[in-house]
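To start, the structure itself, in C-alpha coordinates.
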Amino acid sequence: MRKFWFSIPVAVLVLVVAGSIPAQPVNYAAGMTYTADPPLRTDWLGDSGGELTDGVKDWAWGPVTGWDGMTATNPRTIVLDLASAKSDIGSVVVTVFVSISSAVPPQKQILVSGSSTSATAGFAEWGEAVTKDTGDEANYTYTWTGGPFAARWVKVILDSQTPGSHSLLSEIEVFKAEGSSAVGDEWMLYQ
Ligand SMILES: [Ca+2]
(Lines give C-alpha, C1' and ligand atoms only; values in the text may rest on other atoms or scores of the structure.)
Protein backbone atom coordinates (compact mmCIF):
# COMPACT_ATOMS: atom_id res chain seq x y z
CA MET A 1 0.00 0.00 0.00
CA ARG A 2 2.78 2.41 0.86
CA LYS A 3 4.35 1.95 -2.53
CA PHE A 4 0.98 2.50 -4.22
CA TRP A 5 0.37 5.86 -2.55
CA PHE A 6 3.87 7.04 -3.38
CA SER A 7 3.66 6.14 -7.06
CA ILE A 8 0.45 8.01 -7.90
CA PRO A 9 1.73 11.56 -7.14
CA VAL A 10 4.95 10.85 -9.06
CA ALA A 11 2.95 9.65 -12.07
CA VAL A 12 0.76 12.76 -11.96
CA LEU A 13 3.82 15.00 -11.68
CA VAL A 14 5.40 13.38 -14.73
CA LEU A 15 2.19 13.88 -16.72
CA VAL A 16 1.89 17.51 -15.61
CA VAL A 17 5.48 18.29 -16.62
CA ALA A 18 5.16 16.46 -19.96
CA GLY A 19 1.82 18.10 -20.71
CA SER A 20 3.07 21.60 -20.01
CA ILE A 21 5.92 21.47 -22.53
CA PRO A 22 4.60 22.61 -25.92
CA ALA A 23 5.63 20.25 -28.70
CA GLN A 24 8.09 21.81 -31.14
CA PRO A 25 6.49 21.93 -34.59
CA VAL A 26 8.22 19.72 -37.15
CA ASN A 27 9.25 21.66 -40.28
CA TYR A 28 9.63 19.16 -43.11
CA ALA A 29 11.11 21.85 -45.38
CA ALA A 30 14.11 22.65 -43.18
CA GLY A 31 17.30 22.26 -45.21
CA MET A 32 15.49 20.88 -48.25
CA THR A 33 16.20 21.80 -51.87
CA TYR A 34 13.86 23.70 -54.18
CA THR A 35 13.47 24.84 -57.75
CA ALA A 36 12.00 28.07 -59.06
CA ASP A 37 10.07 28.95 -62.24
CA PRO A 38 10.89 31.46 -63.58
CA PRO A 39 14.41 31.21 -62.12
CA LEU A 40 15.23 33.35 -59.09
CA ARG A 41 17.37 36.35 -59.90
CA THR A 42 20.47 35.08 -58.15
CA ASP A 43 22.84 37.80 -59.36
CA TRP A 44 20.75 40.42 -57.62
CA LEU A 45 20.07 39.28 -54.08
CA GLY A 46 22.57 36.47 -54.01
CA ASP A 47 20.67 33.32 -53.01
CA SER A 48 23.43 30.78 -52.63
CA GLY A 49 20.91 28.00 -53.17
CA GLY A 50 19.27 27.38 -49.82
CA GLU A 51 18.03 30.68 -48.46
CA LEU A 52 14.37 29.65 -48.52
CA THR A 53 14.89 26.66 -46.23
CA ASP A 54 17.76 27.75 -43.96
CA GLY A 55 15.61 29.01 -41.08
CA VAL A 56 16.83 32.61 -41.42
CA LYS A 57 13.96 35.06 -41.95
CA ASP A 58 14.99 38.36 -40.43
CA TRP A 59 13.44 41.45 -42.00
CA ALA A 60 16.54 42.47 -43.93
CA TRP A 61 17.90 42.26 -47.47
CA GLY A 62 20.42 39.57 -46.59
CA PRO A 63 18.05 36.60 -46.11
CA VAL A 64 15.87 37.57 -49.07
CA THR A 65 15.65 36.05 -52.51
CA GLY A 66 13.01 36.19 -55.21
CA TRP A 67 11.99 37.65 -58.52
CA ASP A 68 12.65 41.03 -60.05
CA GLY A 69 9.27 42.37 -61.06
CA MET A 70 10.68 44.12 -64.11
CA THR A 71 11.79 40.88 -65.73
CA ALA A 72 9.93 37.95 -64.13
CA THR A 73 6.49 36.96 -65.36
CA ASN A 74 3.59 35.98 -63.08
CA PRO A 75 2.85 33.55 -61.62
CA ARG A 76 6.12 32.71 -59.87
CA THR A 77 6.55 29.28 -58.38
CA ILE A 78 8.78 27.43 -55.95
CA VAL A 79 8.70 23.63 -55.70
CA LEU A 80 10.17 22.18 -52.53
CA ASP A 81 11.39 18.58 -52.47
CA LEU A 82 10.83 17.15 -48.99
CA ALA A 83 13.18 14.24 -49.88
CA SER A 84 10.66 11.56 -48.89
CA ALA A 85 6.91 11.06 -48.90
CA LYS A 86 5.05 12.69 -46.01
CA SER A 87 1.55 11.65 -45.00
CA ASP A 88 0.63 14.42 -42.60
CA ILE A 89 1.38 17.92 -43.87
CA GLY A 90 -0.79 20.31 -41.90
CA SER A 91 0.33 23.82 -42.79
CA VAL A 92 2.61 25.83 -45.05
CA VAL A 93 4.02 29.21 -44.07
CA VAL A 94 5.66 31.62 -46.55
CA THR A 95 7.62 34.56 -45.15
CA VAL A 96 7.45 37.49 -47.60
CA PHE A 97 9.68 40.55 -47.37
CA VAL A 98 7.69 43.79 -47.70
CA SER A 99 9.15 47.28 -47.93
CA ILE A 100 6.74 49.82 -49.33
CA SER A 101 9.42 52.54 -49.27
CA SER A 102 11.62 50.34 -51.49
CA ALA A 103 8.72 49.48 -53.84
CA VAL A 104 8.47 45.89 -52.57
CA PRO A 105 4.75 45.23 -51.97
CA PRO A 106 2.94 42.28 -50.41
CA GLN A 107 1.82 39.52 -52.74
CA LYS A 108 -1.64 39.63 -54.26
CA GLN A 109 -2.06 35.88 -53.80
CA ILE A 110 -0.11 32.81 -52.75
CA LEU A 111 -1.52 29.36 -53.57
CA VAL A 112 -0.26 26.07 -52.15
CA SER A 113 -0.39 22.65 -53.78
CA GLY A 114 1.18 19.25 -53.26
CA SER A 115 2.23 16.21 -55.27
CA SER A 116 3.25 12.66 -54.48
CA THR A 117 4.16 12.00 -58.12
CA SER A 118 7.07 14.25 -59.08
CA ALA A 119 8.37 17.81 -58.96
CA THR A 120 6.54 18.63 -62.18
CA ALA A 121 3.32 16.56 -62.21
CA GLY A 122 0.42 15.38 -60.09
CA PHE A 123 -0.13 18.56 -58.10
CA ALA A 124 -3.42 18.99 -56.24
CA GLU A 125 -4.35 22.49 -55.13
CA TRP A 126 -4.60 22.70 -51.36
CA GLY A 127 -5.68 26.30 -50.98
CA GLU A 128 -4.55 29.84 -50.43
CA ALA A 129 -1.93 31.00 -47.96
CA VAL A 130 -3.33 34.16 -46.43
CA THR A 131 -1.89 37.07 -44.50
CA LYS A 132 -3.05 40.23 -42.81
CA ASP A 133 -1.99 43.26 -44.86
CA THR A 134 -0.88 45.68 -42.17
CA GLY A 135 0.76 48.21 -44.48
CA ASP A 136 3.89 47.94 -42.34
CA GLU A 137 7.50 47.69 -43.41
CA ALA A 138 7.84 44.11 -42.21
CA ASN A 139 7.82 40.45 -43.05
CA TYR A 140 4.35 39.27 -43.97
CA THR A 141 3.55 35.70 -42.97
CA TYR A 142 1.30 33.92 -45.47
CA THR A 143 -0.20 30.81 -43.89
CA TRP A 144 -2.15 27.91 -45.35
CA THR A 145 -3.72 25.38 -43.01
CA GLY A 146 -6.01 22.57 -43.95
CA GLY A 147 -4.14 19.29 -43.79
CA PRO A 148 -3.23 16.64 -43.07
CA PHE A 149 -2.35 15.97 -46.69
CA ALA A 150 0.21 13.62 -48.22
CA ALA A 151 2.96 14.83 -50.53
CA ARG A 152 6.67 14.81 -51.19
CA TRP A 153 6.73 17.95 -53.37
CA VAL A 154 5.09 21.17 -52.20
CA LYS A 155 4.51 24.05 -54.60
CA VAL A 156 3.83 27.68 -53.72
CA ILE A 157 2.54 29.93 -56.49
CA LEU A 158 3.04 33.65 -55.98
CA ASP A 159 1.21 36.40 -57.81
CA SER A 160 2.69 39.81 -57.22
CA GLN A 161 0.38 42.67 -56.33
CA THR A 162 0.59 44.18 -59.77
CA PRO A 163 2.52 43.21 -62.90
CA GLY A 164 6.04 44.56 -62.58
CA SER A 165 6.15 44.20 -58.79
CA HIS A 166 8.81 42.19 -57.06
CA SER A 167 8.16 38.94 -55.21
CA LEU A 168 10.70 38.68 -52.41
CA LEU A 169 10.70 36.03 -49.71
CA SER A 170 13.01 34.63 -47.08
CA GLU A 171 11.57 31.29 -45.95
CA ILE A 172 9.07 28.55 -46.76
CA GLU A 173 8.09 26.17 -43.98
CA VAL A 174 6.05 22.98 -44.31
CA PHE A 175 4.77 21.83 -40.96
CA LYS A 176 3.69 18.39 -39.86
CA ALA A 177 0.04 18.37 -38.76
CA GLU A 178 -0.23 18.69 -35.01
CA GLY A 179 -1.73 15.68 -33.32
CA SER A 180 -2.24 14.90 -29.67
CA SER A 181 0.30 12.49 -28.28
CA ALA A 182 -0.54 9.63 -25.93
CA VAL A 183 0.94 11.62 -23.04
CA GLY A 184 -1.20 14.61 -23.98
CA ASP A 185 -4.34 12.48 -24.00
CA GLU A 186 -3.63 11.07 -20.54
CA TRP A 187 -2.83 14.52 -19.21
CA MET A 188 -6.24 15.73 -20.32
CA LEU A 189 -7.83 13.20 -17.97
CA TYR A 190 -6.35 15.00 -14.98
CA GLN A 191 -7.73 18.42 -15.90
CA1 LIG B 1 15.71 31.88 -45.07
Legend entry - Complete set of residues in the stretch 110-144 that are crowded, with 19+ Cβ neighbours inside 10 Å and small (G, A, S): S113, G114, A129
Legend entry - Condition broken by Q24, with the remaining ones in (1) under 20 Å from T141 (Cβ atoms); (2) surrounded by fewer than 19 Cβ atoms within 10 Å (Cβ to Cβ); (3) at pLDDT 95 or above satisfied: (3)
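Are any of the residues in the stretch 111-132 within 16 Å of the ligand (Cβ to nearest atom) and either within 14 Å of F175 (Cα to Cα) or out of contact with any Cys (no Cβ under 8 Å at 6 or more places or on another chain) (or both)?
First pass over the stretch 111-132, keeping only residues within 16 Å of the ligand (Cβ to nearest atom): none.
There is no residue in the stretch 111-132 that is within 16 Å of the ligand (Cβ to nearest atom) and either within 14 Å of F175 (Cα to Cα) or out of contact with any Cys (no Cβ under 8 Å at 6 or more places or on another chain) (or both).
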Inset, instruction - Could you please find all residues in the stretch 21-43 being within 16 Å of the ligand (Cβ to nearest atom) and either assigned to a helix (DSSP H, G or I) or aliphatic (A, V, I, L, M) (or both)? - result: A29, A30, M32, A36, L40, T42
Legend entry - Selection status of A119, over 16 Å from the mean Cα position of the chain (by Cα), within 30 Å of W44 (Cβ to Cβ) and modelled with pLDDT of 95 or more: yes
Inset, instruction - Filter the stretch 100-123 for residues that are in a strand (DSSP E or B) and either without any contact (Cβ under 8 Å) to a residue 12 or more places away in the chain or within 17 Å of D159 (Cα to Cα) (or both) and give the result. - result: V104, Q107, K108, Q109, I110, L111, V112, S113
Inset, instruction - Please give the number of the condition A72 fails out of (1) on the phi > 0 side of the Ramachandran plot; (2) away from the ligand (no atom under 16 Å from the Cβ); (3) in contact with a strand residue (DSSP E or B) (Cβ under 8 Å, 6 or more places away or on another chain). - result: (1)
Legend entry - Residue identified as in contact with a strand residue (DSSP E or B) (Cβ under 8 Å, 6 or more places away or on another chain) and modelled with pLDDT of 90 or more among I100, I89: I89
Inset, instruction - Report yes if G146 is part of a strand (DSSP E or B), farther than 24 Å from L40 by Cβ, out of contact with any His (no Cβ under 7 Å at 6 or more places or on another chain) and away from the ligand (no atom under 16 Å from the Cβ), otherwise no. - result: yes
Inset, instruction - Could you give me the residue pairs with C-beta distances under 7 Å whose first residue belongs to the stretch 55-76 and is farther than 9 Å from S170 by Cβ, whose second residue is within 12 Å of the ligand (Cβ to nearest atom) and assigned to a loop (DSSP other than H, G, I, E, B) wherever it lies, and which are 6+ apart or on separate chains? - result: G55/A30
Legend entry - Search result, residues across the stretch 162-178 that are of a type in the set (D, E) and either part of a loop (DSSP other than H, G, I, E, B) or on the phi > 0 side of the Ramachandran plot (or both): E178
Inset, instruction - Test W61 against the criterion of being surrounded by fewer than 21 Cβ atoms within 10 Å (Cβ to Cβ), over 19 Å from W126 (Cβ atoms) and not small (G, A, S), and give yes or no. - result: yes
Inset, instruction - Give the stretch 126-166 a look and list any residue that's touching an Asp or Glu at 6+ places or on another chain (Cβ under 8 Å) and among the small types (G, A, S), or say none. - result: G147, A150
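The values are calculated or read from the model by the stated rules, or taken from the named source; none is laboratory data. This one's a predicted model, so the numbers in the text were calculated from it and none came from an experiment. FYI the Cβ positions are ideal-geometry reconstructions off the backbone, even for glycines, and counts take in every protein chain you see.
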